[in-house]
1. Considering each of Glu65, Glu106, Glu52 in turn, give the residue that is surrounded by 14 or more Cβ atoms within 10 Å (Cβ to Cβ), outside any loop (DSSP other than H, G, I, E, B) and either among the polar types (S, T, N, Q) or modelled with pLDDT of 85 or more (or both).
2. Only residues that are farther than 18 Å from Leu17 by Cβ and either under 19 Å from the mean Cα position of the chain (by Cα) or of a type in the set (Gly, Ala, Ser) (or both): list them for region 226-240, please.
3. Can you spot a residue in region 231-254 that is outside any loop (DSSP other than H, G, I, E, B), surrounded by 15 or more Cβ atoms within 10 Å (Cβ to Cβ), on the phi > 0 side of the Ramachandran plot and touching a residue at least 24 places away in the same chain (Cβ under 8 Å)?
4. Return the pair list, or none, for Cβ contacts closer than 9 Å from residues in region 200-222 that are of a type in the set (Asp, Glu) to residues that are open to solvent by 10 Å² or more (accessible area, probe 1.4 Å) and in a strand (DSSP E or B), at least 6 apart or on different chains.
5. Which residues, counting only those in region 82-97, are surrounded by 11 or more Cβ atoms within 10 Å (Cβ to Cβ) and assigned to a loop (DSSP other than H, G, I, E, B)?
6. Does region 175-197 contain any residue that is under 23 Å from Ala26 (Cα atoms), β-branched (Val, Ile, Thr), in a strand (DSSP E or B) and at pLDDT 95 or above?
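The values are calculated or read from the model by the stated rules, or taken from the named source; none is laboratory data. Nothing here was measured: the structure is a model prediction, and the numbers come from that model. Cβ sites come from the backbone with ideal geometry, for glycine too, and all protein chains shown count toward neighbours. Surface accessibility is based on the protein's heavy atoms, side chains included, excluding ligands, DNA and RNA. Shrake-Rupley method; radii C 1.70, N 1.55, O 1.52, S 1.80 Å.
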Amino acid sequence: MSHIAITLEVNEEQKDLLIAQLSEIAFEGFEEQENKLIAYIPAQDLDEAALETILQPYGIGYTKEVILPTNWNEVWESNFQPVQVDDFCGIRAAFHPPFDPKPAYEIIITPKMAFGTGHHATTFSMIRLMKDLPINGKRVFDFGTGTGILAILAEMMGATAIDAIDYDEWAVNNTVENIQANGMQKTKVWQADTLEGIQSTYDIILANINCNILLQFMGEMRRILADDGQLLLSGILTTDEEKITEAANAVGLVLTRKQEKDNWLALQFGLNKS
């Protein structure tokens, strides 16, 4: 499957806003460079009219390039750098040397098209929330797993069972590879774009997607969340905190913790027991 790379000349503030907006029209991978944002989308999903509608208020033009699947690894490997979240979790590719000093958890991923390498503030902040979460012995669900980083970290932290889904075939295949590369045995991943068929309940649900999807599936996420469970959400701009919190409150959940980085939020919710 071919992808399209859209290159935009932007400032730092525009990057975060555009990532959120472009995610809503099927863009699924982003590469941030100095004064530049490269957004990737499956060729068949590109709607240039919708793209131009988003870009018009910014006065931004764009260039377009077809990226063949066989070229993707070279693109990522030339740009991918290790990421470390405090002394808790390090994320690197196999071609990078191990971290020194070594963090509590070290995840090796094969950089591909899937979103979620730890570089973006949303993944970074989700990992920070997970740092203080009692995951050992818990059942975990990763909704929109991307590269599988959060699912893999959950298993490393002692989760007894981890189910992960993503709507994108690239992401699912990449997660499978990353699960194997890290020697994980308890993480299952499959392709899906809905929670309707899921009957199990989970102690912890991780959802690093985007605001509109989180709002759409808030009720379904509550349905599969155990009564004493924790729901961790990201892909949320600071300006969208109120609407996400209101939607969570409407299904009986209350905000307990949050992380903020670069105008992005990761929010943790638990059952309202009052």
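1. Result: Glu106 is the single residue among Glu65, Glu106, Glu52 that is surrounded by 14 or more Cβ atoms within 10 Å (Cβ to Cβ), outside any loop (DSSP other than H, G, I, E, B) and either among the polar types (S, T, N, Q) or modelled with pLDDT of 85 or more (or both).
2. From region 226-240, those farther than 18 Å from Leu17 by Cβ are 226-233; that's our starting set.
Within region 226-240, Ala226, Gly229, Gln230, Leu231, Leu232, Leu233 qualify.
3. The initial filter retains those residues of region 231-254 that are outside any loop (DSSP other than H, G, I, E, B), namely 231-250, 253-254.
Next, from what is left, pick out any that are surrounded by 15 or more Cβ atoms within 10 Å (Cβ to Cβ): 231-237, 240-241, 244-245, 247-248, 253.
Still in the list and also on the phi > 0 side of the Ramachandran plot: 235.
Next, from what is left, pick out any that are touching a residue at least 24 places away in the same chain (Cβ under 8 Å): 235.
Checked region 231-254: at least one residue is outside any loop (DSSP other than H, G, I, E, B), surrounded by 15 or more Cβ atoms within 10 Å (Cβ to Cβ), on the phi > 0 side of the Ramachandran plot and touching a residue at least 24 places away in the same chain (Cβ under 8 Å).
4. Asp203/Arg139; Asp203/Ala226; Asp203/Asp228; Asp203/Gln230
5. Pass one, region 82-97, residues surrounded by 11 or more Cβ atoms within 10 Å (Cβ to Cβ): 82-93, 96.
Answer for region 82-97, where residues must be surrounded by 11 or more Cβ atoms within 10 Å (Cβ to Cβ) and assigned to a loop (DSSP other than H, G, I, E, B): Pro82, Asp86, Asp87, Phe88, Ala93, His96.
6. Yes, region 175-197 has at least one match.
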